[in-house]
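This report refers to the structure that appears directly beneath it.
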Amino acid sequence: MGKTIAIANQKGGVGKTTTAINLAASLAVLEFKILIVDADPQANSTSGLGFDVRNIKTSIYECLVDEVKPEDIILNSEIDGLDILPASIDLVGAEIEMLNLPDREYKLKRVLEMVKHNYDFVLVDCSPSLGLLTVNALTGADSVIIPVQCEYFALEGLGKLLNTIKIIQNRLNPDLEVEGFLLTMYDTRLRLSNQVVDEVRKHFQEMVFETIIQRNIKLSEAPSFGKPALLYDANSRGAVNYLNLAREILQKNEKTKIPEAEKIIQ
Ligand SMILES: Nc1ncnc2c1ncn2[C@@H]1O[C@H](COP(=O)(O)OP(=O)(O)OP(=O)(O)O)[C@@H](O)[C@H]1O
Ligand SMILES: [Mg+2]
């Protein structure tokens, strides 16, 4: 049964989508079956995997409000074992339309229950808000990855996010765990980056992933080619950082499957 991990931070541009796409691609290359759920009306995960959002006629929106079956709209990506439940701009309206539905916080959970048995991991890319879509993601998830950008005010807003997580644990999803805080866009040349790393580690200690994602131009270029960094430039620092994150998460979750590719290398 797939473990569902939400990737959330209401702060914009901290690396949620980059993490969803590249962590998913890394896990898929390590031969795990992965579904990305694009829960953001910006649909950046969908376009970042090479799909033209204008051509997405049926999206997660219809699953949430019209009870369309997710298996009918899931798309296979260019990478074997990596699928996506796409978003479309319609999703903007979903938050308002869902407000009047019974069990409005559990809509995504019900959608995921229909497909998660087909996957080892389901990664939910959240929008930069703590609105109903993000509440649905956290209610339907087993854990949450919180990307934190290595820049000024890195900790700003984290209190509010952690408070939301606590409320969801108390009322909607008692099993929700923090998978880890992920430091992103680390710049070796900046002293500030190191200060942020120290500060975040001081606050959250072992909850911070050992793997740090460095600032890397290939990570920002790859989406415009509709590819994860692994397909765009497999040797790039960004691709390697996300492969390391995938390995750290597998280790943490004691996933013992030894992928063929790794067996050959050993
Ligand atoms: N490690 C990195 N190195 C270089 N550029 C990065 C890195 N991570 C993310 N970026 C770039 O920073 C921008 C924001 O990243 P991303 O879209 O992943 O953030 P987000 O949290 O999903 O944003 P939003 O809140 O709008 O959904 C993008 O242009 C992305 O390509
Ligand atoms: Mg995003």
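The values are calculated or read from the model by the stated rules, or taken from the named source; none is laboratory data. Values in this document were obtained by computation on a predicted structure and should not be read as measured data. When we count neighbours, we look across all protein chains shown, and the Cβ atoms used for this are built from the backbone with ideal geometry, even at glycine.
Can you name the condition, by its number, that residue 35 falls short on among (1) surrounded by fewer than 24 Cβ atoms within 10 Å (Cβ to Cβ); (2) modelled with pLDDT of 95 or more; (3) away from ligand 2 (no atom under 16 Å from the Cβ)?
Checking residue 35 against (1) surrounded by fewer than 24 Cβ atoms within 10 Å (Cβ to Cβ); (2) modelled with pLDDT of 95 or more; (3) away from ligand 2 (no atom under 16 Å from the Cβ), the one that fails is (1).
Where the second residue is loosely packed, with under 14 Cβ neighbours inside 10 Å and at pLDDT below 95 and the first is of a type in the set (Phe, Trp, Tyr) and lies in segment 174-197, which pairs have Cβ atoms under 7 Å and are six or more apart or on separate chains?
Close Cβ pairs satisfying both conditions: none exist.
Cβ-Cβ distance below 7 Å, separation of 6 or more or different chains: which pairs start in segment 38-57 with a residue that is more than 19 Å from residue 78 (Cβ to Cβ) and end on one that is part of a loop (DSSP other than H, G, I, E, B) and near ligand 1 (Cβ under 10 Å from one of its atoms)?
Taking only residues 6 or more apart or on different chains, the pairs are 39/127; 40/127; 41/127; 42/127.
Condition check: more than 14 Å from ligand 1 (Cβ to nearest atom) and surrounded by 13 or more Cβ atoms within 10 Å (Cβ to Cβ). Does residue 168 satisfy that?
Working: more than 14 Å from ligand 1 (Cβ to nearest atom): yes; surrounded by 13 or more Cβ atoms within 10 Å (Cβ to Cβ): yes.
So residue 168 passes the test.
Being surrounded by fewer than 24 Cβ atoms within 10 Å (Cβ to Cβ) and under 22 Å from residue 186 (Cα atoms): is that true of residue 50 here? Show your work before the answer.
Working: surrounded by fewer than 24 Cβ atoms within 10 Å (Cβ to Cβ): yes; under 22 Å from residue 186 (Cα atoms): no.
In short, no.
Can you pull out the residues in segment 137-153 that are within 15 Å of ligand 1 (Cβ to nearest atom), surrounded by fewer than 24 Cβ atoms within 10 Å (Cβ to Cβ) and part of a loop (DSSP other than H, G, I, E, B)?
151, 153
Considering segment 240-256 alone, what residues qualify as being of a type outside the set (Val, Ile, Thr) and in a helix (DSSP H, G or I)?
241, 242, 243, 244, 245, 246, 247, 248, 250, 251, 252, listed by residue number.
Do we have any residue at all in segment 205-222 that's in a loop (DSSP other than H, G, I, E, B) and within 16 Å of ligand 2 (Cβ to nearest atom)?
Yes, segment 205-222 contains a residue that is in a loop (DSSP other than H, G, I, E, B) and within 16 Å of ligand 2 (Cβ to nearest atom).
Given the conditions (1) in contact with a strand residue (DSSP E or B) (Cβ under 9 Å, 6 or more places away or on another chain); (2) within 16 Å of ligand 1 (Cβ to nearest atom); (3) not aromatic (Phe, Trp, Tyr), report the number of the one that residue 41 does not fulfil.
Here residue 41 clears every test but (1).
Considering 84, 56, which residue is farther than 25 Å from residue 255 by Cα and of a type in the set (A, V, I, L, M)? Break it down into steps so the answer makes sense when it comes.
Numbers: 84 fails: farther than 25 Å from residue 255 by Cα.
Sole residue among the options that is farther than 25 Å from residue 255 by Cα and of a type in the set (A, V, I, L, M): 56.
What are the pairs, 6+ residues apart or on separate chains, where a residue within segment 109-138 that is within 21 Å of residue 247 (Cα to Cα) has its Cβ under 6 Å from a residue that is of a type in the set (Asp, Glu) and within 16 Å of ligand 2 (Cβ to nearest atom)?
125/38; 125/40
Could you list, in sequence order, the residues of segment 107-136 that are within 16 Å of ligand 1 (Cβ to nearest atom), of a type outside the set (S, T, N, Q) and more than 9 Å from residue 4 (Cα to Cα)?
125, 126, 128, 130, 131, 133
What residue, of 182, 192, is within 16 Å of ligand 2 (Cβ to nearest atom) and surrounded by 13 or more Cβ atoms within 10 Å (Cβ to Cβ)?
Numbers: 192 fails: within 16 Å of ligand 2 (Cβ to nearest atom).
182 is the lone residue from the list that is within 16 Å of ligand 2 (Cβ to nearest atom) and surrounded by 13 or more Cβ atoms within 10 Å (Cβ to Cβ).
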